[in-house]
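A.B. asks: I have a structure here, written as structure tokens, and I will follow up with some questions on it.
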Amino acid sequence: MNLQGIKKRIAKILVYTITSIIFLLISSFLILQLPGVQRALARQYLHGFSQVIGFKTTFSSIRFSWFDRLVLDDVLIQDHGNNDMIGVKRLMVNYKFSSLFQGKNVNIDAVYIDSARVYFTKITGLDSVTRLNINEFIKQINEQYGSAGKGGKTVQINIGEAIVNNSRFAYDNTGRDSLAGFDYNHFAISISDAQLQNFVALGDTVQFDVNSLAAADQKTNLEIKQLSTFFRISQKAMEFRGVNLKAGQSTITDTVIFNYNSQDDLSDFVNKVKIHAHLDNTIINPGDLSLFAPAMKRFQLPLTVNGLVNGRVNNFKFKNMELRAGNTLLQGSVDMNGLPDFNETFIVLHLKNSRIDFNNISFILDERITERLTPLGVLSLNGQFLGYPTDFVAKGDFSNTFGRIVSDINLKVNEESFERSSYNGQISLINFNLGQYMNDTVMYQKVNLDGRISGSGFTRSTANFNLVSSIKSIGLKGYDYKNIVTDARFSSQFFNGQLKVNDPNLQVQAKGSIDLRNNLDLIKIQATLDTVNLHNLNLAGQKLFVHAAVDVNMRGFKLDSLSGNASVQGLKLNYNNEWLTLDDITVHATRDKSQREIRIESDVIDARAAGDFYFSNLYRDIQVLLEEFYLNIK
């Protein structure tokens with residue numbers, strides 16, 4: 001046989017071989033399309049699948065679009081409580097045929113899931129322990145393929161890519177009450193589309209990359225516009241790394257990890273789950289936040305958050321904290337122990353290089369308190385807050401264009417009437433522009449003082465406090481008073497205490513009380529006026545100097561109601577370089593129904609008037625008499 005003949009024969013063999021292979025492939029594919037063959041193969045594979053998961057699995061139809069492409073319709077997986085745990089209208093699988101449902105790793109190139117319905121709830125497992133059905137699902141896999149189970153080595157399921165379309169996820173924590181806003185115990189999320197990659201399930205651990213996800217909570221209509229993250233869940237942790245979440249008007253980045261002893265702890269999230277969160281330029285919209293914490297409805301501005309959170313909801317620490325809302329910036333750290341009951345939460349807050357605009361936080365303050373604080377504008381501060389929301393110590397150093405305030409105050413809030421709350425502590429004002437704050441720069445100027453205050457009440461009618469202070473200087477009507485010391489009690493229509501002034505133009509020591517309560521109008525004052533230069537104090541137009549010792553024990557402010565005694569000793573008066581000196585002036589006034597008496601005793605004149613008359617009429621009559629006497633003499 002020549003060479004040419006050999007070539008022809010080899011060519012025929014190749015043609016026959018290729019034709020046979022093509023014929024076998026086409027025949028096999030056609031055979032796979034036969035309903036009976038597909039049902040037989042499906043029964044074989046799904047039987048193995050059911051053995052893996054331990055849950056009942058059904059479907060309405062199955063077909064192989066090619067040898068390694070499988071399409072299933074109306075797939076349903078039921079848990080042991082006969083709940084429809086997972087239902088899929090259409091499931092398309094691109095797999096490696098050689099490894100599918102074998103006693104080793106399962107490798108699937110891609111899956112397409114259309115109209116899935118996932119339902120997580122509590123059921124009683126085969127071991128009579130109540131747990132989430134998904135946890136029972138994972139437990140059954142571990143028992144079938146775990147190293148301690150029948151299968152030896154733990155099976156690993158790998159899915160290269162998953163596309164989810166028009167699906168729904170629901171969670172029902174049976175036995176728990178429904179909540180306002182976002183209901184942690186009962187919620188349903190509709191997923192319009194999602195793209196996952198690198199899905200791996202090994203034992204009790206499932207992880208995958210979320211490239212994109214768009215969804216919405218069906219109750220609150222909170223929309224998840226975009227989510228990308230690396231997600232991992234196991235019996236010890238749930239991780240969201242590299243998070244970029246846009247939900248509603250909020251944005252959350254970058255890492256959130258939940259640690260627990262078992263997934264059953266998720267049902268007691270507040271007390272048993274530890275949170276580790278690294279927040280990077282997270283923006284929280286108050287409307288979105290109120291869905292999860294209704295009390296936050298009072299927030300008015302978006303909140304930008306940076307920092308590191310560690311701990312449980314009921315006991316956590318927030319370090320490297322940076323909170324921004326409008327012109328307000330809080331930097332430092334905070335420890336909170338006691339949430340979610342805010343009033344019973346112990347708080348340790350440290351602030352540094354921070355600032356507060358009271359207009360931004362007016363929603364957390366009483367309206368009347370806000371009216372007093374907002375004129376302060378934007379305050380720079382360093383300080384500490386220690387205690388409960390209704391009983392705390394606030395220590396801070398505040399400054400702005402008005403000046404500087406340093407405080408160390410314990411405040412006990414009266415929850416029934418904030419205006420009657422009590423306080424105790426130190427306060428200092430350094431170059432504080434009191435006139436600018438009170439919007440009266442003619443009467444008031446800057447003040448420097450150190451004081452200790454103790455009492456209660458924030459309004460004129462409720463205030464009742466003791467003030468011990470050293471006023472280094474205070475500007476009144478254009479004069480800067482120096483060296484003032486007070487130790488006094490102040491309340492509505494009552495004053496009792498001591499005052500000492502050692503100013504070059506005002507040297508005064510005084511003690512006593514003024515009681516105006518219940519129309520008592522009682523004045524008891526003992527004072528030594530060593531030096532009083534009223535003209536230098538901008539209180540007189542002409543030169544006016546006063547020196548005297550005063551002792552007053554009188555009742556009444558009106559002339560007709562006066563009763564009691566008053567004395568002035570050692571009076572020296574200089575008016576426009578004219579001197580008047582009197583050693584003693586004493587006034588005695590009594591009143592008994594309509595009978596009145598007044599006596600004036602002095603070095604130059606003694607006078608007495610008594611009878612049924614009014615001092616005010618007598619005073620006017622004397623004025624008229626003196627005027628007529630003067631005219632007659634003239």
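A.B. asks: Which entries in Lys89/Lys122; Lys225/Lys317; Lys56/Lys139 show an alpha-carbon gap greater than 19 Å?
C.D. replies: Those over the limit are Lys89/Lys122; Lys225/Lys317.
A.B. asks: Under the definition of Cα pairs under 8 Å and six or more residues apart, what whole-number percent is the relative contact order of the stretch 405-467? List each step's numbers first, then the result.
C.D. replies: Values: 122 pairs, mean separation 19.2, N = 63.
For the stretch 405-467, the relative contact order is 31 percent.
A.B. asks: Give a residue-ordered list of calculated ³J(HN,Hα) values for the stretch 479-490 (Karplus: 6.51 cos²θ - 1.76 cosθ + 1.60, θ = phi - 60°; whole Hz; x for Gly, Pro).
C.D. replies: Couplings: 10, 9, 6, 10, 6, 10, 10, 10, 8, 8, 10, 10 Hz.
A.B. asks: How big is the accessible area of Glu601 in square angstrom, nearest 10, if you roll a 1.4 angstrom probe over the protein chains?
C.D. replies: For Glu601, solvent-accessible area is about 80 Å².
A.B. asks: Further, regarding this structure: Return the carbon/sulfur percentage of the accessible area of the stretch 162-218, one whole number, probe 1.4 Å, all protein chains in place.
C.D. replies: Carbon and sulfur together cover 53 percent of it.
A.B. asks: Under 1.5 on a/c is rounded, so check that first for the stretch 483-599, then, if it is not, pick prolate when a/b is larger than b/c and oblate when it is not; a ≥ b ≥ c are the square roots of the alpha carbon gyration tensor eigenvalues.
C.D. replies: Oblate.
A.B. asks: From the square roots a ≥ b ≥ c of the eigenvalues of the alpha-carbon gyration tensor of the stretch 438-500, which class results: rounded (a/c under 1.5), prolate (a/b over b/c), or oblate?
C.D. replies: In terms of gyration-tensor shape, oblate.
A.B. asks: Per 0.36 nm of contour for each residue apart, how much would the distance between Ser61 and Ser333 grow if the chain were fully extended, relative to their Cα-Cα spacing?
C.D. replies: 92.0 nm
A.B. asks: Might you work out the accessible area of Leu323 for me, using a 1.4 Å probe with all protein chains in place, and round it to the nearest 10 Å²?
C.D. replies: Rounded to the nearest 10, the figure is 40 Å².
A.B. asks: Is there a pair in Lys219/Lys319; Lys246/Lys395; Lys395/Lys524; Lys246/Lys297; Lys272/Lys352 whose C-alpha atoms are over 27 Å apart, and which pairs would that be? Each step should come with its number before you reach the end.
C.D. replies: Values: Lys219/Lys319 34 Å; Lys246/Lys395 38 Å; Lys395/Lys524 38 Å; Lys246/Lys297 20 Å; Lys272/Lys352 32 Å.
The answer is Lys219/Lys319; Lys246/Lys395; Lys395/Lys524; Lys272/Lys352.
A.B. asks: What is the stretch 482-585's relative contact order, in percent, from Cα pairs under 8 angstrom and six or more apart in sequence?
C.D. replies: Once normalised by length, the contact order is 17 percent.
A.B. asks: Which shape class applies to the stretch 173-228: rounded if a/c is under 1.5, otherwise prolate when a/b exceeds b/c and oblate if not, where a ≥ b ≥ c are the square roots of the Cα gyration tensor eigenvalues?
C.D. replies: Because a/c hits 1.5 or more and a/b fails to exceed b/c, the stretch 173-228 counts as oblate.
A.B. asks: Next up: Per residue, how many Å² of accessible area does the stretch 357-516 show with a 1.4 Å probe?
C.D. replies: Accessible area per residue, the stretch 357-516: 53 Å².
A.B. asks: Another question about this same structure. Quick one: order Tyr184, Tyr444 from most to least accessible surface, probe 1.4 Å.
C.D. replies: Ranked from most to least accessible, the order is Tyr184, Tyr444.
The values are calculated or read from the model by the stated rules, or taken from the named source; none is laboratory data. Being a predicted model, the structure only gives us computed values, none of them experimental. When the accessible area is computed, the model is the full protein with side chains, heavy atoms only, and any ligands, DNA or RNA have been set aside. Shrake-Rupley method; radii C 1.70, N 1.55, O 1.52, S 1.80 Å.
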